[in-house]
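Engineer: Encoded as structure tokens, here's the structure I'll be asking about.
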Amino acid sequence: MSIVRTEKLGKSYQMGLVQLHALRDFDLTIEPGQYVAIMGPSGSGKSTLLNLLGCLDQPTTGRYFLGDEDVSQMDDDQLSYIRGMKIGFIFQSYNLIAQLNVIENIEVPMFYQGIREKQSLRRARELAELVGLGERLTHRPTELSGGQQQRVAIARALGNDPLLLLADEPTGNLDTQSGTEILHILDLLHQRGKTLIVITHDPQVAARAQRVIHLLDGCIHHEENNGRQT
Amino acid sequence: MNWFRIKSILKLGGKSLWMHRLRSMLTTLGIIFGVCSVVAMLAIGEGASRQAQQQIERLGSTNLIINTVKPPDEQVASGTTSRMNEYGLTYTDAERFYATLPTAQVIVPLRQISQEAWYRNRKLAIEVIGTVPWYPEIASLHILRGRFLTAMDMNYQQAVCVVDRHLAKQLFVFDDPIGQDIKIKGDYYRVVGVVSAAAESAGPADQPVSSSSAAGGVAGRIYIPITTVKIRFGEIKIQMGGSGAQIEKVQLQQITVKVQSSDQVLVTREIISRLLSKFHKKQDYQIVVPLELLREAARTKRIFSIVLGSIAAISLLVGGIGIMNIMLATVNERTREIGIRRALGARKKDIIVQFLSETVLLTLMGGVLGIVLGSIIPYLVTYFGDMPTVITGSSLILAFGISGAIGIAFGLYPAYRAANMDPIESLRHE
Ligand SMILES: Nc1ncnc2c1ncn2[C@@H]1O[C@H](COP(=O)(O)OP(=O)(O)OP(=O)(O)O)[C@@H](O)[C@H]1O
Ligand SMILES: [Mg+2]
């Protein structure tokens with residue numbers, strides 16, 4: 001069973017009299033454990049795709065199966081549950097909550113799934129350890145570097161052990177050094193069997209993925225296969 | 001919703017309120033004043049009704065009290081043929097009540113004279129109360145020692161008396177009062193009982209008779225059979241005034257009529273009023289209905305409720321709107337946070353709960369401050385306004401409940417706005 005399967009997925013926006021197709025008849029299948037990079041010029045529909053795959057948005061046409069569930073028919077509460085339980089988001093601008101410290105930020109998705117305090121605290125510690133922030137559990141986001149903040153965000157995305165990790169330009173705001181560190185962590189997650197989709201403009205980032213999908217005007221332009229072993 | 005969730009949500013709400021402490025403080029001022037007025041209003045209202053309740057308990061809700069009052073002076077001056085000024089309730093009035101009041105259960109005539117009482121070498125200013133053996137039925141007296149006056153005492157005009165507790169203490173000190181003789185105006189009266197008024201703990205104003213006749217410095221009351229008083233003291237009182245001697249003749253100072261139930265009070269009052277106006281040329285009596293005191297208290301209570309209630313309502317409304325305003329601003333400031341939470345699995349419900357509990361936390365803190373301030377005001381009212389006030393536990397709970405309800409009422413809309421923001425838009429918000 002594939003992790004992601006879309007059938008003629010489409011998203012359009014009504015701009016006055018004109019219909020703008022951000023995504024058109026999009027067919028994509030991603031198997032468990034695949035590391036997929038998505039590239040394409042600005043406005044080609046990458047973020048739109050990611051929002052649909054992450055259940056933040058509903059498609060105008062077509063169907064989307066995440067695991068074995070048809071997500072395109074779900075109501076808001078069900079989508080929230082899917083986002084919290086099956087998806088892990090990593091944003092370009094980290095998107096940590098400023099009032100919360102490292103450990104509390106990591107706990108947020110577990111909190112909304114009703115995980116007990118003791119268990120979520122233990123898991124948050126493990127994850128902080130995994131991304132190399134075991135020493136900074138009570139720091140606030142503003143007291144961390146960009147790379148460290150992004151690592152917190154990755155730990156947070158892993159809280160409920162999601163089916164799918166989605167990253168929109170995860171290294172876009174970082175210098176080469178911290179960017180590389182983040183990519184190492186993503187590699188590590190891939191090795192551990194996680195399914196990853198990463199949007200990027202950077203060919204060096206894309207080079208780490210197994211599949212690189214190039215978008216243009218809301219369609220798949222072409223796909224490269226890096227031929228690395230799964 | 002387990003305890004951990006509630007705790008984290010409250011912790012979060014507390015944190016963000018603390019971040020904007022000054023703003024939070026200023027926002028809750030309306031709630032503080034509103035709750036303050038609610039507490040003060042309830043305390044004053046409660047005080048008024050308790051006072052009325054006590055008065056009624058003392059005077060009896062089924063009693064009608066008819067007092068003798070001195071008629072206006074000019075009427076006295078016109079009757080120059082006689083220097084004798086005769087007025088007030090009479091034994092005949094009492095008899096007429098017996099004959100014509102079907103609803104009357106007990107009728108108690110009462111004669112009151114200011115005198116001095118002697119025991120050995122001690123002298124005290126006292127009130128002689130000439131009355132009937134069934135007097136305790138209208139005055140809730142407790143018999144502490146011995147007995148009250150009896151029919152025998154009255155029929156045979158016995159020289160016996162019953163004294164009140166305070167007087168006994170002062171007059172006899174260490175001696176046992178029962179069986180002692182007290183000397184009043186040259187005659188001796190044997191003490192047969194000691195009593196205390198049931199409601200005397202309620203205050204010193206324990207006067208069955210119009211307070212004008214109660215001279216200052218009176219040590220207490222001595223109850224003597226009314227028949228005995230009539231033959232020993234007479235009914236004429238000579239008063240030396242600036243224009244010469246004034247002679248007054250008064251038979252009874254008071255007649256108390258007790259009816260079966262409180263709904264007979266007003267009818268009985270009407271009959272008494274007609275009866276008296278037929279036989280009294282002058283307005284030398286006054287009918288007091290304790291039940292009406294309750295109505296008076298209700299009126300006071302209503303006035304305070306209207307004034308303070310409007311202040312409270314306006315403050316709470318303005319305060320609520322202020323809070324809604326601030327919460328809308330907060331929601332706007334935290335758009336991105338809301339987007340993040342939604343992306344990480346928060347349902348609309350969770351967002352509503354988060355912002356609603358923050359608002360309620362804010363108003364509850366305002367409520368607590370309001371309760372503290374509002375508990376001070378009744379003390380000031382009692383101290384400076386000489387008005388009784390009572391702060392009840394239930395009024396504080398009500399005030400606390402109101403502040404919480406305001407939080408929910410005015411927090412719902414901002415919370416609803418927060419929950420319905422589009423997650424993608426919110427995440428893009430700077
Ligand atoms: N809410 C919206 N309303 C109208 N049009 C939109 C909306 N969101 C996206 N679009 C349009 O859809 C198209 C695809 O946008 P999208 O954000 O997916 O591009 P992108 O590939 O992520 O670009 P970038 O690399 O700049 O992030 C664009 O033409 C954009 O203008
Ligand atoms: Mg984009």
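Engineer: Subtracting the Cα-Cα distance from 0.36 nm times the residue separation, let me have the gained length for A:His201 to A:Gln14 in nm, one decimal.
Structural biologist: Here the segment from A:His201 to A:Gln14 would lengthen by 64.6 nm.
Engineer: Within the range B:329-359, find all residues whose amide N lies under 17 Å from a label point positioned 7 Å from the Cα of B:Trp18 along Cα-to-beta-carbon.
Structural biologist: Residues passing the 17 Å test: B:358-359.
Engineer: Right, next: Provide the per-residue ³J(HN,Hα) series for the range B:320-330, in order, calculated from phi with Karplus coefficients 6.51, -1.76, 1.60 and θ = phi - 60°, each as a whole number of Hz, with x at glycine and proline positions.
Structural biologist: Coupling constants for the range B:320-330: x, 5, x, 5, 4, 4, 5, 5, 5, 5, 4 Hz.
Engineer: A further question follows. Any chance you could check the range A:57-86 for residues losing 30 Å² or more of accessible area when the partner protein chains are in, compared with the chain on its own (1.4 Å probe)?
Structural biologist: In the range A:57-86, residues shielded by partner chains: A:Asp76, A:Asp77, A:Ser80, A:Arg83.
Engineer: Residues with beta-carbon under 14 Å from that of B:Phe355, excluding B:Phe355: net charge, scoring Lys, Arg +1 and Asp, Glu -1? Working shown, then result.
Structural biologist: On the way: positive: B:Lys15, B:Arg334, B:Arg341, B:Arg342, B:Arg347, B:Lys348, B:Lys349, B:Arg417; negative: B:Glu333, B:Glu337, B:Asp350, B:Glu358.
Computed value for this residue: +4.
Engineer: State, in square angstrom and to the nearest 100, the accessible area buried between chains A and B, both chains counted, probe radius 1.4 Å.
Structural biologist: Counting both chains, the buried surface is close to 2500 Å².
Engineer: What's the FRET efficiency of B:Ile424 with A:Ser2 using the Cβ-Cβ distance as r and R₀ = 25 Å, to the nearest 0.05?
Structural biologist: My answer for the efficiency is 0.50.
Engineer: Of the accessible area of chain A, with the probe set at 1.4 angstrom, what percent is carbon plus sulfur?
Structural biologist: The nonpolar share, carbon plus sulfur, comes to 48 percent.
Engineer: First select every other residue whose beta carbon is under 15 angstrom from the beta carbon of B:Gly234; then total the charges, Lys and Arg +1, Asp and Glu -1. Write down the numbers at each step before the final one.
Structural biologist: On the way: positive: B:Arg111, B:Lys185, B:Lys230, B:Arg232, B:Lys237, B:Lys249; negative: B:Glu86, B:Asp187, B:Glu235, B:Glu248.
Its environment carries a net charge of +2.
Engineer: Long-range amide H contacts for A:Tyr35: which residues qualify at under 5 Å (H placed 1.01 Å from N, peptide plane, sequence gap of 5 or more or a different chain)?
Structural biologist: Amide H neighbours of A:Tyr35, under 5 Å, 5+ apart: A:Leu196, A:Gln210, A:Arg211.
Engineer: Can you send over the solvent-accessible area of B:Met365, 1.4 Å probe, protein chains only, in Å² to the nearest 10?
Structural biologist: Accessible area of B:Met365: about 90 Å².
Engineer: Moving to a separate point now. Report the paramagnetic label zone for B:Phe384: residues of the range B:303-330 whose backbone N is under 19 Å from a point 7 Å from Cα along the Cα-to-Cβ axis.
Structural biologist: B:304-305, B:307-309, B:311-312
Engineer: Still on this structure, I have one more. From the phi angles alone, apply the Karplus equation (6.51, -1.76, 1.60; θ = phi - 60°) to the range B:66-71 and give each ³J(HN,Hα) in whole Hz, x where the residue is Gly or Pro.
Structural biologist: Calculated HN-Hα couplings, in order: 10, 9, 7, 10, 6, x Hz.
Engineer: Right, here's the next one. Under a 5 Å amide H to amide H cut-off, with H placed in plane at 1.01 Å, what residues pair with B:Ile126 once short-range neighbours are removed?
Structural biologist: Under 5 Å from the amide H of B:Ile126: B:Gln115, B:Glu116, B:Ala117, B:Ala219.
Engineer: Would you please give the residues with an amide H less than 5 Å from that of A:Val4, counting only those at least 5 places away or on a separate chain, with H modeled from the backbone geometry?
Structural biologist: Long-range HN contacts for A:Val4: A:Ile30, A:Gly67.
Engineer: In nm, to one decimal, how far is the B:Gln53 label point from the B:Asp176 one, both placed 7 Å along Cα→Cβ?
Structural biologist: With each label placed 7 Å out from Cα toward Cβ, I get 4.1 nm.
Engineer: Applying the Karplus parametrisation 6.51 cos²θ - 1.76 cosθ + 1.60 with θ = phi - 60° to the phi angles of the range A:27-43, what ³J(HN,Hα) value in whole Hz is obtained for each residue in order, glycine and proline being reported as x?
Structural biologist: Ordered by residue, 3J(HN,Hα) equals 10, 8, 10, 10, 8, x, x, 7, 10, 10, 9, 10, 10, x, x, 4, x Hz.
Engineer: Would you be so kind as to list the residues of the range B:317-363 that have their accessible area lowered by at least 40 Å² in the full protein complex compared with their chain by itself (1.4 Å probe)?
Structural biologist: B:Arg336, B:Ile340, B:Arg341, B:Arg342, B:Ala343, B:Leu344, B:Gly345, B:Arg347
Engineer: Can you pull out the GluC sites (Glu not before Pro) in the range A:60-162 whose DSSP state is coil and whose Cβ has at most 10 other Cβ atoms within 10 Å?
Structural biologist: A:Glu135
The values are calculated or read from the model by the stated rules, or taken from the named source; none is laboratory data. Remember, predicted model here, so these are calculated numbers, not experimental data. Heads up, the Cβs are rebuilt from the backbone with ideal geometry, glycines too, and the neighbour counts pull from every protein chain shown. In case anyone asks, the SASA skips ligands and DNA or RNA and just uses the protein heavy atoms, side chains included. Shrake-Rupley method; radii C 1.70, N 1.55, O 1.52, S 1.80 Å.
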